[in-house]
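Remarks on the structure that follows.
The values are calculated or read from the model by the stated rules, or taken from the named source; none is laboratory data. Not measured: the values here are computed from a predicted model. Cβ coordinates were reconstructed from backbone atoms using ideal geometry, including for glycine residues, and neighbour counts include every protein chain displayed. Heads up: the accessible areas ignore ligands, DNA and RNA and are worked out on the full protein's heavy atoms, side chains in. Shrake-Rupley method; radii C 1.70, N 1.55, O 1.52, S 1.80 Å.
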Amino acid sequence: MSKPTYILGIESSCDDTSAAVVTDGALLLSNVIASQAVHEEYGGVVPELASRAHQQNIVPVVDAAIKRAGITLADLSAIAFTRGPGLLGSLLVGTSFAKGLSLGLRCPMVDVNHLHGHVLAHFIRRDEADRVPSFPYICLLVSGGNSQIVLVRSPRDMEILGRTIDDAAGEAFDKCAKVMGLPYPGGPHIDRLASEGDPKRFRFAKPHIQGLDYSFSGLKTSFLYTLRDNLRDDPRFIERNRADLAASLQATIVDILLDKLSKAVKQTGVKAVAIGGGVAANSGVRNAVQEFCDKHGIEAFIPERLFTTDNAAMVATAGYFKYLDREFCPYSATPYARVTV
Ligand code: KG4
């Protein structure tokens, strides 16, 4: 019998230090995440503090992932790590750690594009029976730094069909939440408030852009002007209308995304749609994509909320596919801050 495959995944692109182990068939054995609360008081991620926290967290997090998987470091077949995009100082911690471990264990390294991780998160299996998408499928990739509609033909063949021309969907949530006085990141707060509000109460601008690209800057301005104009007459306007503002904002973001997603599905004729990235945790996005797919007889892949935000399970899974192709990474590899799918 051949030796089982064990891939260690390491994620450190932003403010979550995470390590995970997958085995054959991308079956998940462990997934450990250490989030950094230190940024909350600053209203956003402070890169220098993020790198320092990664330095502190990475050894215990990797150790816990290996132990929870019930293996030892010597069992590893490869070490997959997020090479980019992300904060350079944060990425350097994961990349350097992966290099050191790889040299020490004489175990190959696999570099992973963080965005491929989000797109391939649907292949993480907790159980052999778990459903995974068949190719080709479309992934609506919506996070704090990226917003793209990706045609996925295989784990290695991805094409961006459309993207935001300004803010990412997560930024649209976070920036509007900030002007409402909500803490960072605002996306989850908007989601929670929206569940109690009227999505039709306020109307905000929607973009008119040809093709599959979209934009959130008009919406942001229109949201800001609505607050400014109403605050003139009623200084407690935000307080009195929090839930309706959140619900109307969320509904507009969902409409913008769904409009382009439906066009992309029509154009490509795919039979499966997936969502990924932090904003894929949003209840409005999840429900709208599920409804759209049900209505059109398309298979929907809505990830567990744990696998929408940054996690190493998706890195180990994307690394597993590269490992199968023997696509290893040289020690000369350096992290990159920016890249698209
Ligand atoms: O993918 P992610 O964890 O980080 C990267 O950007 O790589 O995404 C973070 C983004 C933030 O903008 C956050 O506000 C948003 O995802 N987010 C949400 C929700 N949960 C996280 N936005 C709307 N509703 C949510 N429930």
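Residues that are open to solvent by 20 Å² or more (accessible area, probe 1.4 Å) and in a loop (DSSP other than H, G, I, E, B) within segment 102-123 comprise Arg106, Pro108, listed in sequence order.
Could you tell me which residue of segment 262-278 is farthest from His118 (Cα to Cα), considering only residues that are within 16 Å of the ligand (Cβ to nearest atom) and open to solvent by less than 10 Å² (accessible area, probe 1.4 Å)?
Ranking the candidates gives Ala274 first.
Arg126 meets the conditions (1) open to solvent by 20 Å² or more (accessible area, probe 1.4 Å); (2) within 16 Å of the ligand (Cβ to nearest atom); (3) assigned by TED's automatic domain parsing to the domain that holds Asp15 in every case but one. The failed one is (2). For segment 52-76, the candidate set comprises residues that are crowded, with 18+ Cβ neighbours inside 10 Å and in contact with a Ser or Thr (Cβ under 6 Å, 6 or more places away or on another chain); within that set, the residue that is farthest from Gly170 (Cα to Cα) is Ala69.
The listed residues are Ser102, Ser96, Ser154, Ser143, and the only one of them that is within 27 Å of Arg338 (Cβ to Cβ) and modelled with pLDDT under 95 turns out to be Ser143. Look at segment 1-15: where a residue is closer than 19 Å to Val45 by Cβ and a partner is part of a strand (DSSP E or B) and open to solvent by 20 Å² or more (accessible area, probe 1.4 Å), sitting 6+ places away or on another chain with Cβ atoms under 8 Å, you get Asp15/Ser35. Taking segment 1-98 and the strands (runs of 3 or more DSSP E) fully enclosed by it, the elements with 1 or more residues that are closer than 23 Å to Arg305 by Cα and of a type in the set (Ser, Thr, Tyr) are at 16-23, 27-35, 78-84. Counting only helices (runs of 4 or more DSSP H) wholly contained in segment 141-236, the ones carrying 1 or more residues that are of a type in the set (Ser, Thr, Tyr), more than 10 Å from the ligand (Cβ to nearest atom) and within 21 Å of Gly284 (Cβ to Cβ) occupy 217-233.
The test for being buried (at least 18 other Cβ atoms within 10 Å of the Cβ) and in contact (Cβ under 8 Å) with a residue 40 or more places away in the chain does not hold for Leu224. Looking at segment 279-311, which of its residues are open to solvent by 40 Å² or more (accessible area, probe 1.4 Å), outside any helix (DSSP H, G or I) and either of a type in the set (D, E, K, R) or within 20 Å of Ile253 (Cα to Cα) (or both)? Within segment 279-311, Glu299, Ile302, Glu304, Thr309 qualify.
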